[in-house]
4 protein chains.
Amino acid sequence: MTKRKLRIGLIGSGFMGRTHAFGYSTASRVFDLPFQLELACLADITDEAAAKAADALGFARSTSDWRALVNDPEIDVVNITAPNAFHKEMALAAIAAGKHVYCEKPLAPLAADAREMADAAEAKGVKTQVGFNYLCNPMLALARDMIVAGELGEIRGYRGLHAEDYMADAMSPFTFRLDPAGGGALADIGSHALATAEFLMGPAAGPITQVMGDCVTVIKTRPDGKGGTRAVQVDDIGRALLRFENGATGSVEGNWIATGRTMQHDFEVYGTKGALAFTQQRFNELHFFSTSDARGRKGFRRIEAGPEHAPYGLFCVAPGHQLGFNDLKAIEVARYLEALAGHQPEPFNFRAGLRIQTLVETIHASSRSAAWREVPTDKVQHQEEYRQHEKA
Amino acid sequence: MTKRKLRIGLIGSGFMGRTHAFGYSTASRVFDLPFQLELACLADITDEAAAKAADALGFARSTSDWRALVNDPEIDVVNITAPNAFHKEMALAAIAAGKHVYCEKPLAPLAADAREMADAAEAKGVKTQVGFNYLCNPMLALARDMIVAGELGEIRGYRGLHAEDYMADAMSPFTFRLDPAGGGALADIGSHALATAEFLMGPAAGPITQVMGDCVTVIKTRPDGKGGTRAVQVDDIGRALLRFENGATGSVEGNWIATGRTMQHDFEVYGTKGALAFTQQRFNELHFFSTSDARGRKGFRRIEAGPEHAPYGLFCVAPGHQLGFNDLKAIEVARYLEALAGHQPEPFNFRAGLRIQTLVETIHASSRSAAWREVPTDKVQHQEEYRQHEKA
Amino acid sequence: MTKRKLRIGLIGSGFMGRTHAFGYSTASRVFDLPFQLELACLADITDEAAAKAADALGFARSTSDWRALVNDPEIDVVNITAPNAFHKEMALAAIAAGKHVYCEKPLAPLAADAREMADAAEAKGVKTQVGFNYLCNPMLALARDMIVAGELGEIRGYRGLHAEDYMADAMSPFTFRLDPAGGGALADIGSHALATAEFLMGPAAGPITQVMGDCVTVIKTRPDGKGGTRAVQVDDIGRALLRFENGATGSVEGNWIATGRTMQHDFEVYGTKGALAFTQQRFNELHFFSTSDARGRKGFRRIEAGPEHAPYGLFCVAPGHQLGFNDLKAIEVARYLEALAGHQPEPFNFRAGLRIQTLVETIHASSRSAAWREVPTDKVQHQEEYRQHEKA
Amino acid sequence: MTKRKLRIGLIGSGFMGRTHAFGYSTASRVFDLPFQLELACLADITDEAAAKAADALGFARSTSDWRALVNDPEIDVVNITAPNAFHKEMALAAIAAGKHVYCEKPLAPLAADAREMADAAEAKGVKTQVGFNYLCNPMLALARDMIVAGELGEIRGYRGLHAEDYMADAMSPFTFRLDPAGGGALADIGSHALATAEFLMGPAAGPITQVMGDCVTVIKTRPDGKGGTRAVQVDDIGRALLRFENGATGSVEGNWIATGRTMQHDFEVYGTKGALAFTQQRFNELHFFSTSDARGRKGFRRIEAGPEHAPYGLFCVAPGHQLGFNDLKAIEVARYLEALAGHQPEPFNFRAGLRIQTLVETIHASSRSAAWREVPTDKVQHQEEYRQHEKA
């Protein structure tokens, strides 16, 4: 039986554009995908850049006109990896053209924009995805499964973190990441910590309901790239105290000036019967403590990723060999395609992406007012459905 | 030249009482102390308990009357390791009797009491110490020296934690640690995290000036030990967002229901040129990142305690052999005796102990009011003098 | 400029067959390869298996006749991932047909066979590669670069290990890995430890010149898969003491019954000025000790893989994100293709593969005779050339 | 009831002399010892040195005449911490005087001497001990208990190591450790690795029966301290392949030129049902893998030392606080005193110390002859009895 063709358009070919391309390429080999993929067209700023990237990344055609791409009848899915500020315009155009849209995080600089995008997609009936690929790690699935199965007992506390140092140098110039509208460490990487927190805690402790934020600008001015300096308004460190629906509490930090850290995306979850600890620095490992271990034999045990942690086994039949960062993107791609084929709900759609923006903005607002804030309750229906589906 | 005799009285012989006794015993062998120590008298609840403990711990005499001990003219220093609720009464009596007083932490359940104690000691001119022995770790001295020497550059961020699980079991009965006046995880072990934060950050970033607390009671009732239950009012988890004088920010957590954790007293310090990471779980190690390492060769390096980190070399001439928990107490004892001999200021006197209580209470107050609070500025003069002395 | 087409034939579609396919797929996206790749034909045991695998792995055609594949004029490179016992026959046939051959390790069960294969390839002038993909890890390149650059000073000692537990269960049945001709833990995974040892030590300490082996069969019989048992003749643990040309000494162990271990492929190298430590369990990290660090600041530092460790940056522009096992294969593929294009010598050709077999057999012979043995000096010319090339 | 007095004499006040003094001091506080200890007399090279050390370490008297000390009727136990070359003469004199003798390791440079000492002690009926204090670690007791209890199943393999770098500098001068009679890395620290191997494996796999040694001198000459150089004859690295009585195999390495290593005294034990891993660098932890953990939840778990691992609880009632190097010596002292009181057999007497020397010499002989050697079967009766006692 031949598979239906799915034609992919990609906007952008930087860090994330390449990662998307790698993801499609790997996914089509590793998974038994429901579609035959066709890397149809790649759009970038100039014709030359687009042509070169298309050639390197295996796309059949290229263009410097992203609008042409989103309106191209020969394209089914639009991948958006352009700078954040363009996400909304591109996504709305693609949705209007009836395309499915797979957009890099953050979905949009502002929650209001993200909501408009989510609403548009749902109104149009297209399927969407936001790229939170750390959530595609089999060890995170294991962690959540253990929480859901009650292996940790009742969940009481959470500690989340995403710290790197790519903005630690005060002389690194102003970029889009510092854009007053939607930039900052909390939005850029703290968002991962928030996504992970709700991914893990959600099924057991419910969503985050209240936050107390503390967002600080440490490097007050940065070179503007034109010989002058520019004032920075966004946070270099964004911290928040958290309340979950069931009363569990926690904290989270996004920090892009953490000298020496490259991927300190960590969490710890504490329950009445056990605990989990994880760091993305060694993301093929999950550390698990169980109070049911024998007396004098208790301790955090280092579980290594292996074939029993699906879909690891599709990448490698032997345990301990380790997935890489790009493999997580391939898993993300595969899950989205399953959703496009109607085999499952969307794993992390625009509504879920909006949720993260809402959390970020509520923390920002809390920080500005120096007071606890309720998190608006956008019901992330699709994500819940996806979880039900996974469990079934 | 014979040394002057110093006669020690100890009140209490539980966990901390034994640790004090071990500390004196070890200090007198390891260090060239300025005194000839005489373990003169030990007081405990009953004559029998006191006699037995005195025999085991090497004290010449024993008594069930702590007032007799503090008024005993044959005693120079009174060590208080009785339950927290008695600290004030005992310390004031000892001070009134002109004794030097070495009191376990917390100095008193309430800051007002601690202040009264500090004032009394200063008025009387006796020398005092509060037991924050984690601060006596040579690796913490190294950390602070590196910060002071500028090896981390300008200090920007701090993350502190003290998590254990000794109260994680909801069926563990009500104890003095749960006393509404002064109990709770923040006071009991979060205080260590606060002491470490100011110990390290103080010389470079100044004291903590503002806090936003979040103190939560997770286990609402505990067995009262008489077949019934009793409501718990104190925090099982105490978190705080922090501001230091120089504008650096941070966070701290005290948590005694962190399932699986025994000694997660950790910190990370981030500066413009380097970073430090530490866990008391492996307290003979300090992890140091330096931006000045060569390209492609940078990384956190694991420094193991050795003779170059005084006073490690007095315990063992070879590196990597490791100090134990009780050794930290011996260092604490030795430092206090040097202060008693007038060779240096008091390393951590009642005024410093008050400071910790002030921080704890301000965090509690902040949590109750759900708002940031200024930390009252008790000037901890002696501690600053001690630091100057060490540097000289 | 359009690239020359390179047509790939793959024999086998099991663990390693898939890994090869993934490698080609990823390499063509990540690297700017000198060829346009065409996955031309896949051969497997049956027509059905071959067709299914070809479809899944992206090969245009399929066959159950590997001889047809190796003689297919539309194929330039033959990849051999069939069971070890077939390597020789297949490779010789492919060489005879003038194909370049990329064969999984071990090159052949017996060194004599491997030599025949290497001789044939050189006589015919085709280019070959043996799959030792752990050597393609950027952190191993870093380690060797540091050794070559003298950052460790004069090299004195080496400790190598490859331990897993996939044969630890005495009830796991007899397989080709247990074949008396060429099977065993030393050949299967100890060979990785040997390859790594010479890869790292070679440029500084020269090749291994003498070995003292100790190969033991721990599980004496295994189920034969037909209800009976079969005696095992090969080693479950193979250890060897080593001498390198410059007088440096070391040890190595291959162990497939190391309960709990999945990828304990570790090494430590000690020099006069520094040391390195590594484990494949965390293969994106290299631990480096330098005696030139400041007093009281020395320690093993954890270097995380990043863009400064080529070709990491082609996979991901940000450090700490981590490569996966399959990415190492993509690097291996890319290097081979560069050799095929004449841009560099073969990185690890049949002559190098023979070298590993020679080491394994010499250790086996040493173990049987319970005496030290000289390692025959097959000059691995191409490998040396490759190293010179890399340095240039 | 008053305890009998036990009068201690100590010869030597260097690294190990101090450690012994610390051990007695701490043991008398931590344990309920069967004796009242009296630190009676300390002997050192000169009167001044002896007097100063006696004062510092709490000994009542001092002397520069060790013969006076061993013949002093006011002394019951003689502790020998003088350089290795004097052990025999001193121990025989003390035994002749009817003293119990507690001698630092190695018992004597040569096994023949050690045998003479063991024979003399047994003939005289005095009780002896050799200082292998790493064996007193509660985590090693736990490891052995787990092995004995079958928690690892049948024991198959062992890997032991003791590597440091205190002799890595070729310019460090000639010392007694380099004495051709009995010196070298294998004797100095490899002996610890051998002692640990038999301590753990003995009860389950029996003693080491065969060895294949490889002892190499890396630094051929050292400064003689008088402006010239002196040839080194002893090993800088001593490795051995091992056979245990039950057929289990293993390896061991002693290495004092392992740049960067301070206390890499490690072991791994592999059984059919589980495995253990340990490093003295973090000696309050034991890593345990069990095949009986649930599918997808298996992993090495980090067990932290705590009160359930006797006698940890006597030092500290809370887990995770960690013992130090000197605490291990206190445990060693306490065990010896229990043996002196007749409460248990000697834990590690001269016969056991001889055993280690026999192993070292057999490995040396094996290395010289480049052939496997049988280890002479000195029956270490007392040690076996001690183990039986512990189990009972």
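The values are calculated or read from the model by the stated rules, or taken from the named source; none is laboratory data. Note that the structure is a prediction, hence the values are computed from the model and not measured. With ideal geometry, Cβ positions are generated from the backbone for all residues, glycine too; neighbour counts draw on all protein chains shown.
If only one of C:Arg351, C:Arg335, C:Arg355 is touching a helix residue (DSSP H, G or I) at 6+ places or on another chain (Cβ under 6 Å) and buried (at least 20 other Cβ atoms within 10 Å of the Cβ), which one is it?
C:Arg351
Would a scan of the range A:362-369 turn up a residue that is closer than 19 Å to A:Asn137 by Cβ, outside the structural domain of A:Val126 (by TED's automatic domain parsing) and crowded, with 23+ Cβ neighbours inside 10 Å?
Scanning the range A:362-369, I find no residue that is closer than 19 Å to A:Asn137 by Cβ, outside the structural domain of A:Val126 (by TED's automatic domain parsing) and crowded, with 23+ Cβ neighbours inside 10 Å, so the answer is no.
Please tell me if C:Gln322 is over 21 Å from D:Ala258 (Cα atoms) and either more than 9 Å from every other protein chain (Cβ to nearest Cβ) or touching an Asp or Glu at 6+ places or on another chain (Cβ under 7 Å) (or both).
Judged against the criteria, C:Gln322 is not a match.
Search the range B:234-246 for residues being of a type outside the set (A, V, I, L, M) and in contact with a helix residue (DSSP H, G or I) (Cβ under 8 Å, 6 or more places away or on another chain), and hand back the single one that is nearest to A:Cys215 (Cα to Cα).
Selected residue: B:Phe244.
Tell me the residue from C:Val317, C:Val333 that is assigned to a helix (DSSP H, G or I) and within 14 Å of chain A (Cβ to nearest Cβ), please.
C:Val333
Could you list, in sequence order, the residues of the range B:199-239 that are more than 30 Å from B:Val148 (Cα to Cα), touching a residue at least 40 places away in the same chain (Cβ under 8 Å) and in a loop (DSSP other than H, G, I, E, B)?
B:Ile219, B:Asp224, B:Gly225, B:Val232, B:Gln233, B:Val234, B:Asp235, B:Asp236
State which residue is surrounded by the fewest Cβ atoms within 10 Å (Cβ to Cβ) when the search covers only the range C:57-103 and only residues that are basic (Lys, Arg) and within 24 Å of the chain's Cα centre (by Cα).
C:Lys88
For the range D:280-335, give me each residue that is small (Gly, Ala, Ser), outside the structural domain of D:Tyr270 (by TED's automatic domain parsing) and touching a residue at least 40 places away in the same chain (Cβ under 8 Å).
Hits for the range D:280-335 are D:Ala330, D:Ala334.
For the range D:139-193, which residues satisfy the criterion of being more than 30 Å from D:Phe288 (Cα to Cα) and aromatic (Phe, Trp, Tyr)?
Those that are more than 30 Å from D:Phe288 (Cα to Cα) and aromatic (Phe, Trp, Tyr): D:Tyr166, D:Phe174, D:Phe176.
One residue is enough: does the range A:19-27 have a residue meeting the conditions assigned to a strand (DSSP E or B) and modelled with pLDDT of 95 or more?
Within the range A:19-27, not a single residue is assigned to a strand (DSSP E or B) and modelled with pLDDT of 95 or more.
Collect the residues in the range C:200-211 that are buried (at least 24 other Cβ atoms within 10 Å of the Cβ) and of a type outside the set (Val, Ile, Thr), keeping them in residue-number order.
Selection gives C:Leu200, C:Met201, C:Ala205.
Select from the range B:154-164 the residues that are buried (at least 19 other Cβ atoms within 10 Å of the Cβ) and closer than 29 Å to A:Ala168 by Cα and list them in ascending order.
The answer is B:Ile155, B:Arg156, B:Gly157, B:Tyr158, B:Arg159, B:Gly160, B:Leu161, B:His162, B:Ala163.
Table: residues versus (1) buried (at least 24 other Cβ atoms within 10 Å of the Cβ); (2) away from every other protein chain (no Cβ under 14 Å); (3) touching a helix residue (DSSP H, G or I) at 6+ places or on another chain (Cβ under 7 Å).
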position: A:Asp113; (1), (2), (3): no, yes, yes
position: A:Asp119; (1), (2), (3): no, yes, no
position: A:Gly125; (1), (2), (3): no, yes, no
position: A:Gln129; (1), (2), (3): yes, yes, yes
position: A:Met139; (1), (2), (3): no, no, no
position: A:Ile147; (1), (2), (3): no, no, yes
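Considering the range B:118-133 alone, what residues qualify as being of a type outside the set (Asp, Glu) and more than 17 Å from the chain's Cα centre (by Cα)?
B:Ala120, B:Ala121, B:Ala123, B:Lys124, B:Gly125, B:Val126
Being in a helix (DSSP H, G or I) and farther than 30 Å from C:Ala170 by Cα is the filter here, so list the residues in the range D:128-153 that pass it.
Within the range D:128-153, D:Asn133, D:Tyr134, D:Leu135, D:Cys136, D:Pro138 qualify.
I need the full set of residues from the range B:237-277 which are crowded, with 24+ Cβ neighbours inside 10 Å and among the aromatic types (Phe, Trp, Tyr), in order please.
B:Trp256, B:Phe267, B:Tyr270
Take the conditions buried (at least 24 other Cβ atoms within 10 Å of the Cβ) and within 29 Å of A:Met16 (Cβ to Cβ) and apply them to A:Arg222. Does it pass?
In short, no.
Using the structure shown, decide if B:Asp169 is more than 21 Å from the chain's Cα centre (by Cα) and at the interface with chain A (Cβ under 10 Å from one of its Cβ atoms).
For B:Asp169, the condition - more than 21 Å from the chain's Cα centre (by Cα) and at the interface with chain A (Cβ under 10 Å from one of its Cβ atoms) - is met.
B:Ala168: buried (at least 18 other Cβ atoms within 10 Å of the Cβ) and part of a loop (DSSP other than H, G, I, E, B), yes or no?
When the stated conditions are applied, B:Ala168 passes them.
How many of the residues making up the range C:18-44 are within 11 Å of chain A (Cβ to nearest Cβ) and not aromatic (Phe, Trp, Tyr)?
Final tally of qualifying residues: 16.
Out of the residues in the range D:283-302 meeting the condition of being away from chain C (no Cβ under 13 Å) and either surrounded by 22 or more Cβ atoms within 10 Å (Cβ to Cβ) or under 22 Å from C:Asp236 (Cβ atoms) (or both), tell me which one is farthest from the chain's Cα centre (by Cα).
Applying the filter and picking the extreme gives D:Leu286.
Inspect all residues belonging to the range C:175-184 and state whether any of them is at pLDDT 95 or above and of a type in the set (Val, Ile, Thr).
no
If A:Glu268 satisfies all but one of (1) touching a helix residue (DSSP H, G or I) at 6+ places or on another chain (Cβ under 7 Å); (2) acidic (Asp, Glu); (3) assigned to a strand (DSSP E or B), what's the number of the condition it fails?
(1)
Within the range C:303-323, can you find the residues that are crowded, with 18+ Cβ neighbours inside 10 Å and within 18 Å of A:Gln264 (Cα to Cα)?
C:Ile303, C:Glu304, C:Ala305, C:Gly306, C:Cys316, C:Pro319, C:Gly320, C:His321, C:Gln322, C:Leu323
This table checks each residue for (1) at pLDDT below 95; (2) over 26 Å from D:Leu140 (Cα atoms).
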| site | (1), (2) |
| --- | --- |
| D:Ile219 | no, yes |
| D:Gly227 | yes, yes |
| D:Gly238 | no, no |
| D:Ala248 | no, no |
| D:Val252 | no, no |
| D:Leu276 | no, no |
| D:Phe300 | no, no |
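Find all pairs meeting these conditions: Cβ atoms under 6 angstrom apart; at least six residues apart or on different chains; first residue within the range D:349-373 and within 14 Å of chain C (Cβ to nearest Cβ); second residue part of a helix (DSSP H, G or I).
D:Arg373/D:Thr362; D:Arg373/D:Ala365; D:Arg373/D:Ser366
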